[in-house]
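Read the structure below first, then the notes.
Here, each number is a calculation from the coordinates, and none is a lab measurement. Computed from a prediction, not measured in an experiment: that's the story for all the values here. Please note: Cβ atoms are built from the backbone with ideal geometry, for glycine as well, and neighbour counts cover all protein chains shown.
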Amino acid sequence: MDLLKKHYEKIILGGVLLMLALGAAWLPLKIGSERDELRQEEDRIINQPAKPLEPLNFVTQQTRITDLRMATVLDLTSSNHVLNPMHWEKGADGRIVKIKTGEETGPKALVVTKQTPLYLKIALEGVNATETPPRYAISVEQEAALDRRKRGRKTVFATLNNKTDDFVIREVRGSADNPELVLELAEDGGTITLSKDKPYQRVDGYMVDLKYPLENRAPWVGQRVGSALKFGGEDYIIVAITKNEVVVSAKSNQKKTPIPIQL
């Protein structure tokens, strides 16, 4: 007992020093444990699997777009006549014409009432086999020729490789009395075959009948390329006629206008 009384201070100090020593030894272990826990929590937060995003909902936007596409458009230019009054023109015969598309007058108003094909016709009419070389009588008819004098039927007498204005006989086949001729055409260099029972024919152009409904006048009959027309106070020339259209050119400004053939 006396020993405790004499040395209790040392005993208490020793206990305190022991606790401090134990605390100093335990502290690194605690720090390491806390560090591991923090690292695990960091990994759990950073490396956790990401949840997929929910699909975007565009229902509202699609509805708005559909409404905009189906919106009523107010036409204030073509069909509205409050701000854009209807245009009218007075024809040469005094009639008043309503202009809706701009094609009610002028060359666009021309109407083709008839179309006639024009042919190039070539036929072997006869053979004079008694001559040397033999002579062949060949008729040529050019219905589409611009020169009126060339449109009628004419007979040309030709021999092999003898050049004429319309063709050259390049080859003679078969018998002398009933030969088959190979002709090279002067116009385009093409070749055709010809015999007495097989004449040659092709469409070389067209002729048309026209009318202009806005004027009380007789229609134009048998018009060809180069024909002159006068209507609506303007002069025109037919510059082309194809299977599907007629093209007229205004003399004043050389503007060409196609007129479709709808028969």
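Just to confirm the number: angle between the C-alpha axis of helix 2-46 and the first principal axis of the chain, 0 to 90 degrees, nearest 10?
10
Report the net charge of residues surrounding Ala240, where surrounding means a beta-carbon distance below 13 angstrom and charges are Lys +1, Arg +1, Asp -1, Glu -1.
Values: positive: Arg224, Lys243, Lys256; negative: Glu245.
Neighbourhood net charge equals +2.
Using modelled amide H (1.01 Å from N, peptide plane; none on Pro or chain starts), what sits under 5 Å from the amide H of Leu229, excluding residues fewer than 5 places away?
Amide H to amide H, under 5 Å and 5 or more residues apart or across chains, Leu229 pairs with Tyr236, Ile237, Ile238.
Separation between the Gln48 and Leu68 pseudo-spin-labels, each 7 Å from Cα along Cα→Cβ, expressed in nm?
4.0
If I stretch the segment between Leu146 and Val203 completely, what's the gain in nm (0.36 nm per residue apart, minus their alpha carbon distance), one decimal? Each step should come with its number before you reach the end.
Numbers: separation 57, 0.36 × 57 = 20.52 nm, distance 1.46 nm.
Gain in length upon complete extension: 19.1 nm.
If each of Ile237 and Thr191 carries a label point 7 Å out from its Cα toward its Cβ, how far apart are those two points in nm?
Once both label points are built, they end up 3.8 nm from each other.
Please give me the summed charge of the neighbours of Glu34: other residues whose Cβ is under 14 Å from its Cβ, Lys and Arg +1, Asp and Glu -1.
Values: positive: Lys30, Arg35, Arg39; negative: Asp36, Glu37, Glu41, Glu42.
My count for the surroundings of Glu34 gives -1.
Once the Cα atoms of the range 117-204 are picked out, what are the Rg and Dmax in Å?
Rg then Dmax for the range 117-204, in Å: 12.6, 39.
Show me, for the range 229-239, the HN-Hα J-couplings you get by feeding each phi into the Karplus relation (A = 6.51, B = -1.76, C = 1.60, θ = phi - 60°), rounded to Hz, glycine and proline as x.
Per residue, the Karplus-derived 3J(HN,Hα) values read 10, 9, 7, x, x, 10, 9, 9, 10, 7, 9 Hz.
Collect residues whose amide H, placed 1.01 Å from N in the peptide plane, falls under 5 Å from the amide H of Val156; neighbours closer than 5 in sequence don't count.
Under 5 Å from the amide H of Val156: Ile138, Ser139, Val140.
Would you work out the Kirkwood radius for the chain? I mean one over the mean of 1/r across all pairs of different Cα atoms, in Å. Kindly include the intermediate steps, with their values, before the conclusion.
Values: mean 1/r = 0.0342 Å⁻¹.
Answer for the chain: a Kirkwood hydrodynamic radius of 29.2 Å.
In whole Hz, what ³J(HN,Hα) sequence does the range 159-172 give by Karplus (6.51, -1.76, 1.60; θ = phi - 60°), x for Gly and Pro?
Karplus values, whole Hz, x for Gly and Pro: 10, 4, 6, 8, 6, 10, 5, 10, 6, 9, 7, 9, 7, 10.
Amide H neighbours of Glu215 under 5 Å, counting only residues 5+ apart in sequence or on other chains, H built in-plane at 1.01 Å?
Placed amide hydrogens put nothing under 5 Å from Glu215.
Quick one: net charge of Lys121's neighbours, Cβ under 9 Å, K/R +1, D/E -1? Spell out each step's value before the answer.
Details: positive: Arg153, Arg202; negative: Glu141, Glu143.
Residues near Lys121 contribute 0 overall.
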